[in-house]
Amino acid sequence: MAVNPDRLKLPQFDARRIRRDFPALAQKIHGHQLVYLDNAATTQKPNPVIDALTDYYRSYNANVHRGVHTLSELATERYEAARHNLAQFIGASQPEEIIFLRGATEAINLVAASWGLANIGAGDEILLTELEHHSNIVPWQLLAERVGARVVVAPIDQQGNVAPETFSRALSERTRLVGIAQVSNALGTVNPITEMIRSAHAAGARVLIDGAQAVGHMPVDVRELDCDFYALSGHKMYAPMGIGALYAKKDLLERMPPWQGGGDMIRAVNFTRSLYADPPQRFEAGTPNVAGAIGLAAAIAYLKTLGMEAVATHEKILLDYALERLVMVPGLRLIGTPRKRAGVISFWVEGLHPHDLGTLLDHAGVAIRTGHHCAMPVMDHFQVPATARASFGVYNTQEDVHALIAALNQAREVFGG
Ligand code: PMP
């Protein structure tokens, strides 16, 4: 049998060593070594991220931007350095194109409330794909209701792909904004966003990429993609919860109105009118999540030591390995068989509701997610109420796949149909 050369790369990545950087993975659950396969919901945090948080709170906790004392200057310097690091990590041309927010959800809501309200009107269209997460659907529905616009959907096929031709056909001269997930959290589909962005631009639309499931798993270069907006969540890329960001092209940001008012986003305030600060401050009203941004910078530094190409290769090899073995589990049906997949495998086991399956797996120490994954239109498409979802990260190993398969077989033998 010919040896797949890709297979040979897996041990060199040394996920077993990486695993030791994540203290939460060292524990036992119900007497079994934890096998964490819920990375699409949130990833575990490595020691450097935890240390960056405690270091901030232990030694230089202070509010940013307005202070002249040493701690405030230090906190400001690190917070702005984090902006610089993230800009560089995703290929933005300058740090001012990065707005720190709570996560991808808040980033998409910002675009809808600020750019959307100013640029989308009655009769205009917002084009989404059928595989979007609710956070890239509901903000657009809220906007559409408010201004009389229409949400149009590019359907997925039976494999869970958005065909480029179907997508192009859904574009019209009324399309103002296209919202696309780079990677589907429910199916793992990697959308051909380069082509999609190109055709959306050719139709005169702006493009928002929901990168929540992409940026911790593969190299991302927003300038190369030429997307107008890119939303991401830190907690899905080994950073703390409550920090994320919006990337937007500078010329767009400069013309966008504020979406929230408060301290730190103004130049001057009086009771007649206020003058707003330039981006990014214009969009960061109030005290930001300073510790979160510093933790995000630590997560980026950690990912850079691994190398994003290597991360993507490791996860691809592991995913292929898991897929090969999962299809051998009797009664297991894959939900979605996309052409290109990253990070995520959704499935259904005959005779076992996903929620029961999730509980049984937990008793074997294997953490997966079950439910609609905030992608109800995808569940409707495949006519299932829920799926079981295993999702992978840098610390997952072939042994984790073996544990998943063993737990599935045991659950099926004991409780399955
Ligand atoms: N988009 C996708 C594709 C996601 O998977 C998620 C999180 N499940 C989100 C957006 C929302 O991210 P957050 O809850 O961190 O804002």
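Structural remarks
- Taken residue by residue, region 160-168 has at least one member that is touching a helix residue (DSSP H, G or I) at 6+ places or on another chain (Cβ under 7 Å), more than 16 Å from the ligand (Cβ to nearest atom) and either touching a residue at least 60 places away in the same chain (Cβ under 8 Å) or hydroxyl-bearing (S, T, Y) (or both).
- Any pair with Cβ under 7 angstrom, 6 or more apart, that starts in region 265-281 at a residue that is of a type in the set (V, I, T) and ends at one that is part of a loop (DSSP other than H, G, I, E, B): I266/A277
- Test result for S72, touching a helix residue (DSSP H, G or I) at 6+ places or on another chain (Cβ under 8 Å) and either in the same structural domain as L253 (by TED's automatic domain parsing) or open to solvent by 10 Å² or more (accessible area, probe 1.4 Å) (or both): no
- Of the helices (runs of 4 or more DSSP H) entirely within region 256-364, those holding at least 1 residues that are of a type in the set (D, E) occupy 308-326, 354-363.
- Candidate set from region 24-35 (those that are in contact (Cβ under 8 Å) with a residue 24 or more places away in the chain and either more than 23 Å from H217 (Cβ to Cβ) or within 16 Å of the ligand (Cβ to nearest atom) (or both)); member that is most open to solvent (accessible area, probe 1.4 Å): K28
- Residue within region 70-89 that is within 16 Å of the ligand (Cβ to nearest atom) and within 16 Å of A297 (Cβ to Cβ) present: yes
- Residue within region 229-237 that is under 16 Å from the mean Cα position of the chain (by Cα), assigned to a loop (DSSP other than H, G, I, E, B) and at pLDDT 95 or above present: yes
- Tally of residues being within 16 Å of the ligand (Cβ to nearest atom), under 23 Å from P280 (Cα atoms) and of a type in the set (S, T, Y) across region 95-152: 2
- Hits in region 144-171 - residues which are buried (at least 22 other Cβ atoms within 10 Å of the Cβ) and over 17 Å from P192 (Cα atoms): A149
- Among the numbered conditions (1) open to solvent by 50 Å² or more (accessible area, probe 1.4 Å); (2) in a loop (DSSP other than H, G, I, E, B), the only one that G121 does not meet is (1).
- For Y247, the conditions (1) over 18 Å from E80 (Cα atoms); (2) among the aromatic types (F, W, Y); (3) in contact (Cβ under 8 Å) with a residue 12 or more places away in the chain are fulfilled apart from (1).
- Unmet requirement for L253, which otherwise passes all of (1) open to solvent by less than 40 Å² (accessible area, probe 1.4 Å); (2) part of a strand (DSSP E or B); (3) more than 30 Å from S391 (Cα to Cα): (2)
- Close pairs from region 218-239: first on the phi < 0 side of the Ramachandran plot, partner open to solvent by 30 Å² or more (accessible area, probe 1.4 Å) and part of a strand (DSSP E or B), Cβ under 7 Å, at least 6 apart: D228/R206
- When the residues of region 350-387 are filtered to those that are out of contact with any Phe, Trp or Tyr (no Cβ under 9 Å at 6 or more places or on another chain) and of a type in the set (D, E), the one that is least open to solvent (accessible area, probe 1.4 Å) is D362.
The rows are residues; the columns are (1) in the same structural domain as W259 (by TED's automatic domain parsing); (2) modelled with pLDDT of 95 or more; (3) crowded, with 20+ Cβ neighbours inside 10 Å; (4) of a type in the set (A, V, I, L, M).
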residue	(1), (2), (3), (4)
T287	yes, yes, no, no
V290	yes, yes, yes, yes
A297	yes, yes, yes, yes
T313	no, yes, no, no
L319	no, yes, yes, yes
E324	no, yes, no, no
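The values are calculated or read from the model by the stated rules, or taken from the named source; none is laboratory data. This structure is a prediction, so every number in the text was calculated from the model and none was measured. Heads up, the Cβs are rebuilt from the backbone with ideal geometry, glycines too, and the neighbour counts pull from every protein chain shown. To get the accessible areas, we keep the full protein, side chains included, count just its heavy atoms, and leave off ligands, DNA and RNA. Shrake-Rupley method; radii C 1.70, N 1.55, O 1.52, S 1.80 Å.
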